[in-house]
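The structure under discussion appears below in the form of structure tokens.
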Amino acid sequence: METTIKSNFHLLVKNERTKRNLTQEELAKKLNEKESIIKRIEDGWEPSLDVIKKLERFFNINLTEEIEEKQIEKKTDKTELTIGDIVEIH
């Protein structure tokens, strides 16, 4: 399993901040981060996992998710992989 940041994490952060009537500056101070970091996060920039963890603890929410990695089965009757062996089309 691989941990990844949720695609809508920036919206979750902004929603939680506004629910608590906090400005970006106030949230930054509470997290001991720069206000510019909070602004960038809310604009969609992915911060370090340390900052994500701070936000998760402060808001008591999950901003990450586990993604199951699929194993590629190599067919034994071929000597070379083709694009069809690697890509799964939905």
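Bear in mind that the values in this text are calculations on the coordinates, not laboratory data. Model, not experiment: these values are computed from the prediction. Glycine gets a Cβ as well: all are built from the backbone with ideal geometry, and neighbour counts include every protein chain shown.
Quick notes on this one:
- Cα pair count fraction exceeding 18 Å, expressed as % - the chain: 53
- Ranked for footprinting exposure by Cβ neighbours inside 10 Å, fewest first, 61, 52 give 61, 52.
- Cut-off under 5 Å, modelled amide H: who pairs with residue 64 long-range: 6
- Estimated distance in nm for a label pair at residue 87 and residue 15, the labels positioned 7 Å out from Cα along Cα-to-Cβ: 3.4
- Greater than 31 Å apart at Cα, pairs in 29/70; 6/34; 6/29: 29/70
- Per residue of the chain, the DSSP helices (runs of n ≥ 4 H) give a summed -39500 (n - 2.57) that works out to -13000 deg cm²/dmol at 222 nm.
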